[in-house]
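A.B. asks: Submitted below is the structure of interest, expressed as structure tokens.
The values are calculated or read from the model by the stated rules, or taken from the named source; none is laboratory data. Remember, predicted model here, so these are calculated numbers, not experimental data. Neighbour counts run over all protein chains shown; Cβ positions are idealised from the backbone, glycine included. Remember, those area values only see protein heavy atoms, side chains included, never the ligands or the DNA or RNA. Shrake-Rupley method; radii C 1.70, N 1.55, O 1.52, S 1.80 Å.
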Amino acid sequence: MAISFALFGENEYAMVLPSYLYYLALLAVIWLLMRRLAAQLTANLALLFLITMPLMAIQSTIANIDIVESFFLFLGFAFYLKATNSETPLRWAFLSGACVGLAFLTRETAIFIIPFYGLLFLFGFGMHRLHYFAVGFGFFAVWAVELLYLGIMTGDPLYRFNISLNHDSSIDRSIDVAGNMIIHPAIDPLLVLLINQEFMLLFWLAIPSGLWLGFSQSISAEQRRFIRLISLFGVVWFLCVAAATTLLPLNPRYFMPTAISACIILVLAIQQISFPVLRNTLIAALICTNLVGIMIENKAPLFGERTLVALADAYEEDVYTDPMSRYRANMLLRWKGRAEQVRGAPPVRGQLFFYNPGKVESPNRLMDASQQQQYTPNENWTLISEFQAKPDPVIAIVERIGFHNVMPKKIWNRLRYRHPDVRLYRIPAE
């Protein structure tokens with residue numbers, strides 16, 4: 001990201017570019033994995049499923065670490081497969097471990113792949129058990145560099161690890177509702193996969209597909225072996241995230257490696273369907289529902305902050321707003337040279353105030369419940385302008401032809417109104 005800023009300046013595109021490049025690299029790794037096992041058309045279909053998966057479509061277009069972590073994990077997985085089919089497995093096993101090490105430097109959750117390798121070691125799968133030590137050496141060779149660096153710079157080799165474990169209070173998944181439905185801790189992680197719009201039909205189709213292919217005699221032994229491996233990886237990762245009840249909220253992005261594994265399994269299952277109508281129907285259903293999921297998920301989260309920056313650029317006077325809107329707009333304001341002009345403080349008489357309801361209607365870490373009223377408009381304030389997030393082009397067409405009238409109102413409102421309207425007020429001078 002620093003290199004990107006140096007080359008292209010400090011702006012949103014330069015900030016997102018590294019994530020996007022890692023995303024393309026991840027797609028390349030998945031395509032090559034699929035190409036080893038199936039025809040090019042099947043490999044291309046895997047990319048189509050990944051590109052349209054709402055989770056991937058959204059996360060790849062923001063500054064995001066999940067894509068980077070997944071790239072290194074699946075590159076390590078590819079090197080492991082190479083080791084199991086090579087006459088010189090130690091080199092590839094070492095590279096596999098080194099990739100896991102790089103993923104671990106990216107984010108500590110990469111450690112969830114260790115139980116996967118542990119099970120393979122226990123059963124002596126794919127290569128001699130001694131060769132698995134090369135995987136461990138590769139991992140620790142990378143991690144040792146960080147331990148040495150942090151030990152010298154901070155005096156604590158585990159500095160990063162200790163911050164990650166203690167940077168926040170314990171997670172309470174019953175309160176921190178990241179999934180669409182919270183019922184019971186035992187099944188809530190599975191509900192994230194089945195109910196959340198980030199995945200749509202993926203796991204409804206991939207879970208039975210994995211069970212079918214894992215024991216099917218209609219596929220080659222190599223494909224069956226691969227299916228079992230990728231299924232084990234996806235399941236182990238899912239169970240580790242599910243078990244980290246006090247460390248991780250049930251945010252769908254933590255399940256990204258499991259979702260990628262599910263895509264691969266589903267594509268391999270679809271290629272085994274001999275009925276073209278059924279095969280094409282499943283493909284169309286998945287892609288169409290994925291596109292709907294993208295429209296639901298794309299909530300224009302920075303619409304308010306972008307509007308605030310545009311208003312600060314249009315007015316040559318201070319603009320007041322709530323602390324959270326100011327905080328989230330800080331980088332955009334800095335890039336525009338307007339950071340000093342916008343104040344995250346209660347409105348002042350005679351001044352402009354930007355009202356962003358999404359950041360005011362409930363308390364947050366920068367504004368408690370007792371302060372909400374200070375940032376809520378009243379009848380004495382003068383409304384200057386109001387702004388509404390534009391709908392996606394497809395949604396605009398649906399609205400124009402009137403098809404929205406036959407849709408359930410709740411679903412339509414979720415699709416059409418991506419962000420609450422924001423408003424600019426003038427506070428009375430007296």
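A.B. asks: Excluding same-chain pairs closer than 8 in sequence, count the lysine pairs in the chain whose Cα atoms lie under 29 Å apart.
C.D. replies: Taking the chain as the scope, the lysine pair count is 12.
A.B. asks: A further question on this structure: Quick one: dipole size for the stretch 169-321, taken about the Cα centre, charges +1 on Lys/Arg Cβ and -1 on Asp/Glu Cβ, in debye to the nearest 20.
C.D. replies: Taking the Cα centre of the stretch 169-321 as origin, the dipole is about 1120 debye.
A.B. asks: Using Cα pairs under 8 angstrom and six or more residues apart, how large is the relative contact order of the chain, in percent?
C.D. replies: 13 percent
A.B. asks: How are the C-alpha pair distances of the stretch 345-396 spread across 10 Å bins, as whole percents from the shortest bin up?
C.D. replies: Going from the shortest bin to the longest, the percentages are 19, 43, 25, 12, 1.
A.B. asks: Between the stretch 234-306 and the stretch 107-149, what is the separation of their alpha carbon centroids in Å?
C.D. replies: First find each Cα centre; the distance between them is then 27 Å.
A.B. asks: Could I ask something else about it? So what is the 222 nm mean residue ellipticity for the chain from helices alone, if each DSSP H run of at least 4 adds -39500 (n - 2.57) and you divide by all residues, rounding to the nearest 500 deg cm²/dmol?
C.D. replies: Roughly -19000 deg cm²/dmol at 222 nm, from the helical runs in the chain.
A.B. asks: Let's see if you can work this out: charge +1 on each Lys and Arg Cβ, -1 on each Asp and Glu Cβ, no other charges. What is the dipole magnitude of the stretch 1-122 about its Cα centre, in debye to the nearest 20?
C.D. replies: Once rounded to the nearest 20, the dipole reads 440 debye.
A.B. asks: How far is it, in nm, from the label point at residue 388 to the one at residue 407 when both lie 7 Å from their Cα along the line to the Cβ?
C.D. replies: 1.5 nm
A.B. asks: Between the DSSP loop rule and a limit of at most 15 other Cβ atoms within 10 Å, which GluC sites (Glu not before Pro) in the stretch 281-383 are left?
C.D. replies: On the way: sites: 297, 305, 316, 317, 340, 361, 379; in loops: 316, 317, 340, 361, 379.
Answer in residue order: 316, 317, 340, 361, 379.
A.B. asks: Still on this structure, please answer the following. Based only on Cα atoms, what mean projected area does the convex hull of the stretch 120-171 have, in nm²?
C.D. replies: 5.5 nm²
A.B. asks: Can you figure out the FRET efficiency of residue 3 with residue 42, using R₀ = 30 Å and their beta-carbon distance, to the nearest 0.05?
C.D. replies: 0.25
A.B. asks: Taking only protein heavy atoms and a 1.4 Å probe, what accessible area per residue, in Å², does the stretch 40-181 have with all protein chains in place? Each step should come with its number before you reach the end.
C.D. replies: Values: 6960 Å² over 142 residues.
Dividing the accessible area of the stretch 40-181 by its residue count gives 49 Å².
A.B. asks: Also, I was wondering about something else. Go through 322-334, 203-215 and give me the packing order, highest mean Cβ count within 10 Å leading.
C.D. replies: 322-334, 203-215
A.B. asks: Name the residue farthest towards the positive end of the dipole of the chain from the options 159, 258, 215, assuming +1 on Cβ of Lys and Arg, -1 on Cβ of Asp and Glu, about the Cα centre.
C.D. replies: Positive-end residue among those listed: 215.
A.B. asks: May I ask you to order 268-275, 217-224 by the average number of other C-beta atoms within 10 Å around their residues, highest value first?
C.D. replies: Numbers: 268-275: 16.0, 217-224: 12.6.
Result, highest mean Cβ count within 10 Å first: 268-275, 217-224.
A.B. asks: Amide H to amide H, which residues 5 or more places from residue 384 or on other chains are under 5 Å from it, using H placed in the peptide plane?
C.D. replies: Long-range HN contacts for residue 384: 424, 425, 426.
A.B. asks: Continuing with the same structure: Restricted to Cα positions, what overall size does the stretch 176-278 have along the principal axes? Three whole-Å values, descending.
C.D. replies: 44, 28, 19
A.B. asks: At 1.4 Å probe size, with the rest of the protein present, what percent of the exposed accessible area of the chain is carbon and sulfur atoms?
C.D. replies: 64 percent
A.B. asks: What net charge do the residues around residue 210 carry, taking every other residue with its C-beta under 12 Å from that of residue 210, with Lys and Arg at +1 and Asp and Glu at -1? Walk me through the numbers before you get to the answer.
C.D. replies: On the way: positive: 224, 228; negative: none.
The answer is +2.
A.B. asks: Among 377, 122, 62, flag the residue with its Cα farthest along the positive direction of the charge dipole of the chain, charges on Cβ as +1 for Lys/Arg and -1 for Asp/Glu.
C.D. replies: 122
A.B. asks: Mind checking the angle between helix 114-123 and the chain's longest principal axis? C-alpha axes, 0 to 90 degrees, to the nearest 10.
C.D. replies: Taking Cα atoms only, the helix is inclined about 10 degrees.
A.B. asks: In terms of modelled amide H atoms, which long-range or inter-chain residues lie less than 5 Å from the amide H of residue 320?
C.D. replies: Here the answer is 343, 352, 353, 354, since their amide H atoms fall under 5 Å of that of residue 320.
A.B. asks: Another question, if that's okay. Cβ under 11 Å from residue 125's Cβ, residue 125 left aside: what net charge do those residues give with Lys, Arg +1 and Asp, Glu -1?
C.D. replies: Result for the local shell: +3.
A.B. asks: Where does helix 40-52 land angle-wise versus the long Cα axis of the chain, in degrees 0 to 90, nearest 10?
C.D. replies: 30 degrees
A.B. asks: Sort 413-426, 183-196 by packing, meaning the average of other beta carbons within 10 Å per residue, with the highest value first. The partial results should precede the final answer.
C.D. replies: On the way: 413-426: 17.9, 183-196: 16.0.
The densest-packed peptide leads the list: 413-426, 183-196.
A.B. asks: Here's something else I'd like to know. Please determine, in degrees from 0 to 90 and to the nearest 10, the orientation of helix 89-106 with respect to the longest principal axis defined by the Cα atoms of the chain, where the helix direction is its Cα long axis.
C.D. replies: Around 10 degrees separate the two axes.
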